[in-house]
Amino acid sequence: MDLNKKIIVIGGGFAGLELIKRLGNSKKHDIVLVDSNNYNFFPPLIYQVSSGFMEPSSISYPFRKILRNLKNVRFRLGSLEQLVPDENKIILNNGELKYDILIMATGTETNYFGNKNIEEKCLPMKTISDALSLRNTILTRLDLATRIENSEERKKYLTFVIAGAGPTGVELSGIIAEMSTSVIIKDYPELKEKDTGEIYLIDGQKTVLSSMSLNAQKYASKKLSKYGVNLVMDTFVEDFDGETVQLSNGNKINSKNLIWAAGVVAKVFKGFPKNSFGNNKRLKTNQFNQVHLFENIYALGDCAIMDGDKNYPNGHPQVAQPAIQQAKNLADNLLKSQEEWKPFVYKDKGSLAIIGRNKAVLDFPKQKYSLSGFIAWLIWIFVHIMGLVNFKNKIRTLYNWIGYYIYKDQSFRMIIKPNNLRKQLNGEKTYHNKV
Ligand SMILES: Cc1cc2nc3c(=O)[nH]c(=O)nc-3n(C[C@H](O)[C@H](O)[C@H](O)COP(=O)(O)OP(=O)(O)OC[C@H]3O[C@@H](n4cnc5c(N)ncnc54)[C@H](O)[C@@H]3O)c2cc1C
């Protein structure tokens with residue numbers, strides 16, 4: 001009798017979860033999902049958590065609950081550290097697991113381009129933990145600013161510099177600008193009379209939203225400028241000492257708040273040979289998502305760079321759709337015999353970015369047409385509600401957004417600082433096991 005194949009999926013983001021949902025009831029496979037968090041989350045909306053417009057639980061959901069009804073899937077909380085391919089084994093931070101098939105879907109991490117000062121002192125925007133720490137920091141600094149008499153010093157706390165003018169940077173500067181004119185004025189009467197801070201959006205490209213159409217770029221630039229955001233393009237952030245942001249054009253901005261949305265890089269794990277990695281440290285794959293040099297290891301989504309899709313010779317964009325579509329294709333293939341496998345071809349479904357209330361941009365596939373303003377904003381809302389992982393989160397988010405639309409206010413602005421969890425959980429590190 002054939003034994004079930006043991007599949008280990010590392011990472012339950014867009015790609016990992018999509019694959020598991022499709023294979024989870026397959027009688028041919030036993031699947032273990034490994035993730036360093038015990039929840040799946042929706043990165044496109046973390047900027048709303050970081051600005052107190054949404055609660056984290058609206059955009060996240062526990063894996064164990066998602067997986068309840070999938071008979072052949074188990075969840076393992078842990079972080080991948082090393083691959084031992086000769087033994088078909090992976091080493092986690094809390095044990096080891098054996099596999100027949102390994103699927104890497106580990107996404108990316110923030111890229112600081114080797115600048116240690118920036119890494120240490122900036123506020124990154126990649127995970128829910130980043131978003132909560134950004135929220136706590138902004139709120140703490142706003143409160144601090146109310147007690148600072150010296151206007152130059154106060155301005156440092158109220159000035160925000162956002163590095164990276166892709167969709168995340170644009171969305172974040174838009175929401176901070178909206179906060180300045182609505183929430184901050186209402187909640188901090190002490191600041192009203194005094195000089196407020198400024199918002200800067202910095203990017204090395206010549207324009208905001210450089211991957212989108214010219215129409216989208218023009219519309220976003222115009223609306224952000226109208227909001228009072230200073231756009232500093234064709235310029236890099238070179239350094240940051242916690243008080244001053246140094247730019248490549250020689251200018252300096254006095255600010256405590258450097259928010260980093262300037263790039264991502266795939267994670268590198270020990271045990272993969274050097275030539276498995278392509279541009280931006282992504283794992284090189286063929287059109288079946290099979291990692292270069294391996295027969296039973298696959299990579300999906302942001303951490304993979306595929307060779308062979310003729311429309312994308314430099315790999316697919318690191319956004320949600322390629323991750324989801326690759327996962328669907330691989331799941332379908334794994335359910336068939338290998339002779340029937342289909343190579344992956346990406347279908348561009350267009351791109352969206354929101355600038356603020358009633359203002360968004362939409363590029364249709366291949367940027368053939370684009371749309372901006374209210375209709376694009378409604379489509380943005382629909383797409384993002386539908387992208388959330390379960391019905392409750394969809395309803396809760398819609399309710400929050402309607403509330404915000406009517407009252408121009410939102411009230412998730414609590415500074416909640418968890419105790420040092422690592423200290424509390426230290427004793428539990430001894431629960432290592434081998435499977
Ligand atoms: C702020 C932000 C906004 C974005 N907005 C958009 C948008 O509007 N539209 C869009 O299409 N895309 C957007 N993206 C990009 C999109 O989120 C990614 O392209 C997508 O998440 C990639 O999916 P993935 O499954 O490859 O990786 P991810 O979704 O990143 O999932 C990776 C998973 O791997 C886990 N993991 C990582 N390392 C380990 C390890 N060592 N061990 C175990 N588990 C590990 C992580 O916990 C995570 O669950 C945004 C990204 C960010 C950061």
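The values are calculated or read from the model by the stated rules, or taken from the named source; none is laboratory data. Note that the structure is a prediction, hence the values are computed from the model and not measured. In this analysis, Cβ positions are derived from the backbone assuming ideal geometry, glycine residues included, and neighbour counts consider all displayed protein chains.
Can residue 90 be described as in the same structural domain as residue 304 (by TED's automatic domain parsing), over 30 Å from residue 392 (Cβ atoms) and more than 15 Å from the ligand (Cβ to nearest atom)?
It is false that residue 90 is in the same structural domain as residue 304 (by TED's automatic domain parsing), over 30 Å from residue 392 (Cβ atoms) and more than 15 Å from the ligand (Cβ to nearest atom).
Tell me whether segment 75-85 contains one or more residues that are surrounded by fewer than 23 Cβ atoms within 10 Å (Cβ to Cβ), aliphatic (A, V, I, L, M), more than 12 Å from the ligand (Cβ to nearest atom) and part of a loop (DSSP other than H, G, I, E, B).
Scanning segment 75-85, I find no residue that is surrounded by fewer than 23 Cβ atoms within 10 Å (Cβ to Cβ), aliphatic (A, V, I, L, M), more than 12 Å from the ligand (Cβ to nearest atom) and part of a loop (DSSP other than H, G, I, E, B), so the answer is no.
Mind checking which pairs have a first residue in segment 350-370 that is β-branched (Val, Ile, Thr) and a second that is not in a helix (DSSP H, G or I), Cβ under 6 Å, 6 or more apart or different chains?
354/360; 361/353; 361/372
Test residue 394 against the stated conditions and say whether it is under 26 Å from residue 182 (Cα atoms) and crowded, with 19+ Cβ neighbours inside 10 Å. Break it down stepwise before answering.
Values: under 26 Å from residue 182 (Cα atoms): yes; crowded, with 19+ Cβ neighbours inside 10 Å: no.
No, not satisfied.
Of everything in segment 32-43 that's in a strand (DSSP E or B) and under 17 Å from residue 94 (Cβ atoms), which residue is farthest from the chain's Cα centre (by Cα)? I'd like the intermediate steps shown before the answer.
Taking segment 32-43 first, the residues in a strand (DSSP E or B) are 32-35, 39-41.
Among the residues that remain, those that are also under 17 Å from residue 94 (Cβ atoms) are: 32-35.
On the way: 32: 23, 33: 19, 34: 18, 35: 15 Å.
Top of the filtered list is 32.
Which count do you get for residues in segment 5-31 that are under 23 Å from the mean Cα position of the chain (by Cα) and part of a strand (DSSP E or B)?
Residues that pass the stated criteria total 3.
Only residues in segment 267-287 that are in contact (Cβ under 8 Å) with a residue 24 or more places away in the chain count as the first member; pair them with residues that are among the charged types (D, E, K, R), Cβ under 6 angstrom, at least 6 apart or cross-chain, and list the lot.
Listed pairs, sorted by first residue: 267/109; 278/284.
Does residue 325 count as within 16 Å of the ligand (Cβ to nearest atom), under 21 Å from residue 102 (Cα atoms) and out of contact with any helix residue (DSSP H, G or I) (no Cβ under 6 Å at 6 or more places or on another chain)?
On the way: within 16 Å of the ligand (Cβ to nearest atom): yes; under 21 Å from residue 102 (Cα atoms): yes; out of contact with any helix residue (DSSP H, G or I) (no Cβ under 6 Å at 6 or more places or on another chain): yes.
Spelling it out, residue 325 is indeed within 16 Å of the ligand (Cβ to nearest atom), under 21 Å from residue 102 (Cα atoms) and out of contact with any helix residue (DSSP H, G or I) (no Cβ under 6 Å at 6 or more places or on another chain).
Is there a residue being β-branched (Val, Ile, Thr), touching an Asp or Glu at 6+ places or on another chain (Cβ under 7 Å) and surrounded by fewer than 22 Cβ atoms within 10 Å (Cβ to Cβ) anywhere in segment 312-320? Don't jump to the end; show me each part of the working.
Residues of segment 312-320 that are β-branched (Val, Ile, Thr), as a first pass: 319.
This time we only want the ones that are touching an Asp or Glu at 6+ places or on another chain (Cβ under 7 Å), so: none.
For segment 312-320, residues β-branched (Val, Ile, Thr), touching an Asp or Glu at 6+ places or on another chain (Cβ under 7 Å) and surrounded by fewer than 22 Cβ atoms within 10 Å (Cβ to Cβ): absent.
For segment 372-389, enumerate the residues that are hydrophobic (A, V, I, L, M, F, W, C) and touching a residue at least 40 places away in the same chain (Cβ under 8 Å). Working first, answer last.
So in segment 372-389, the residues hydrophobic (A, V, I, L, M, F, W, C) come out as 374-383, 385-386, 388-389.
Matches in segment 372-389: 388, 389.
Restricting attention to segment 257-274, report how many residues are under 24 Å from residue 126 (Cα atoms), assigned to a loop (DSSP other than H, G, I, E, B) and over 23 Å from the mean Cα position of the chain (by Cα).
At the first step, the residues of segment 257-274 found to be under 24 Å from residue 126 (Cα atoms) are 257-270.
Now drop any that are not assigned to a loop (DSSP other than H, G, I, E, B), which leaves 261-263, 267-269.
Add one more test, that the residue is over 23 Å from the mean Cα position of the chain (by Cα), and what stays is none.
Residues in segment 257-274 being under 24 Å from residue 126 (Cα atoms), assigned to a loop (DSSP other than H, G, I, E, B) and over 23 Å from the mean Cα position of the chain (by Cα): 0 in total.
Within 30 Å of residue 201 (Cβ to Cβ), at pLDDT 95 or above and not in a loop (DSSP other than H, G, I, E, B): is that true of residue 249 in this structure? Even if it seems obvious, please write down each step before you answer.
Numbers: within 30 Å of residue 201 (Cβ to Cβ): yes; at pLDDT 95 or above: yes; not in a loop (DSSP other than H, G, I, E, B): no.
Considered against the rule, which asks whether it is within 30 Å of residue 201 (Cβ to Cβ), at pLDDT 95 or above and not in a loop (DSSP other than H, G, I, E, B), residue 249 comes out as no.
Take residue 234 and tell me if it is of a type in the set (D, E, K, R), under 29 Å from residue 114 (Cβ atoms) and either under 21 Å from the mean Cα position of the chain (by Cα) or outside the structural domain of residue 121 (by TED's automatic domain parsing) (or both). I'd like the intermediate steps shown before the answer.
Values: of a type in the set (D, E, K, R): yes; under 29 Å from residue 114 (Cβ atoms): yes; either under 21 Å from the mean Cα position of the chain (by Cα) or outside the structural domain of residue 121 (by TED's automatic domain parsing) (or both): no.
No.
Taking segment 1-28 as the search range and keeping residues that are away from the ligand (no atom under 11 Å from the Cβ) and among the small types (Gly, Ala, Ser), which one is modelled with the highest pLDDT?
Looking at the filtered set, the residue picked out is 24.
Please go through segment 369-399 and give me each residue that is within 15 Å of residue 42 (Cα to Cα) and hydroxyl-bearing (Ser, Thr, Tyr), ordered by number.
397
How about segment 180-200: which of its residues are within 20 Å of residue 358 (Cβ to Cβ) and modelled with pLDDT of 95 or more?
Answer for segment 180-200, where residues must be within 20 Å of residue 358 (Cβ to Cβ) and modelled with pLDDT of 95 or more: just 199.
What's the total number of residues in segment 202-242 that are part of a helix (DSSP H, G or I) and either free of Cβ contacts under 8 Å to residues at least 60 places away in the same chain or under 19 Å from residue 180 (Cα atoms) (or both)? So that I can check it myself, show each step before the final result.
To start, the set of residues in segment 202-242 that are part of a helix (DSSP H, G or I) comprises 214-227.
Subsequent filtering for residues that are either free of Cβ contacts under 8 Å to residues at least 60 places away in the same chain or under 19 Å from residue 180 (Cα atoms) (or both) retains 214, 217-218, 220-227.
Summing the residues that are part of a helix (DSSP H, G or I) and either free of Cβ contacts under 8 Å to residues at least 60 places away in the same chain or under 19 Å from residue 180 (Cα atoms) (or both) in segment 202-242 gives 11.
Count, please, the residues in segment 345-360 that happen to be within 14 Å of the ligand (Cβ to nearest atom) and either farther than 17 Å from residue 371 by Cβ or acidic (Asp, Glu) (or both). Steps first, please.
As a first pass, look at segment 345-360 and keep what is within 14 Å of the ligand (Cβ to nearest atom): 346-355, 360.
Applying the additional criterion that residues be either farther than 17 Å from residue 371 by Cβ or acidic (Asp, Glu) (or both) yields 346-348.
Number satisfying all stated conditions: 3.
Among the residues of segment 303-322 satisfying the criterion of being small (Gly, Ala, Ser) and in contact with a helix residue (DSSP H, G or I) (Cβ under 9 Å, 6 or more places away or on another chain), which is farthest from the ligand (Cβ to nearest atom)? Steps first, answer last, please.
Applying the first criterion (small (Gly, Ala, Ser)) to segment 303-322 yields 304, 308, 315, 320.
Now narrow it down to the ones that are in contact with a helix residue (DSSP H, G or I) (Cβ under 9 Å, 6 or more places away or on another chain): 304, 315, 320.
Details: 304: 8, 315: 12, 320: 3 Å.
That would be 315.
Please specify each residue of segment 268-292 satisfying the condition of being within 14 Å of the ligand (Cβ to nearest atom) and over 25 Å from residue 334 (Cα atoms).
Within segment 268-292, 268, 270, 280, 281 qualify.
Looking only at residues that are in contact with a helix residue (DSSP H, G or I) (Cβ under 8 Å, 6 or more places away or on another chain) and closer than 11 Å to residue 367 by Cβ in segment 208-236, which one is surrounded by the fewest Cβ atoms within 10 Å (Cβ to Cβ)? Spell out the reasoning first.
Within segment 208-236, the subset in contact with a helix residue (DSSP H, G or I) (Cβ under 8 Å, 6 or more places away or on another chain) is 208-210, 212-213, 220, 223-224, 227-229, 231.
Okay, now just the ones that are also closer than 11 Å to residue 367 by Cβ, so 212-213.
Values: 212: 24, 213: 21.
It comes out as 213.
Just to verify a result, which residue in segment 290-349, among those that are in a loop (DSSP other than H, G, I, E, B), acidic (Asp, Glu) and more than 23 Å from the chain's Cα centre (by Cα), is modelled with the lowest pLDDT? Before the answer, list the steps.
Our first condition is that a residue be in a loop (DSSP other than H, G, I, E, B); within segment 290-349, this holds for 292-296, 300, 307-319, 335-337, 341-349.
Still in the running and acidic (Asp, Glu): 295, 307, 309, 348.
When the remaining residues are screened for being more than 23 Å from the chain's Cα centre (by Cα), the result is 295, 307, 309.
Numbers: 295: 95, 307: 95, 309: 92.
The extreme case among them is 309.
Answer yes if at least one residue in segment 100-119 is without any contact (Cβ under 8 Å) to a residue 60 or more places away in the chain and within 12 Å of the ligand (Cβ to nearest atom), and no otherwise. Working first, answer last.
Let us first name the residues in segment 100-119 that are without any contact (Cβ under 8 Å) to a residue 60 or more places away in the chain, namely 114, 116, 119.
Narrowing further to those that are within 12 Å of the ligand (Cβ to nearest atom): none.
So far as segment 100-119 goes, no, none of its residues is without any contact (Cβ under 8 Å) to a residue 60 or more places away in the chain and within 12 Å of the ligand (Cβ to nearest atom).
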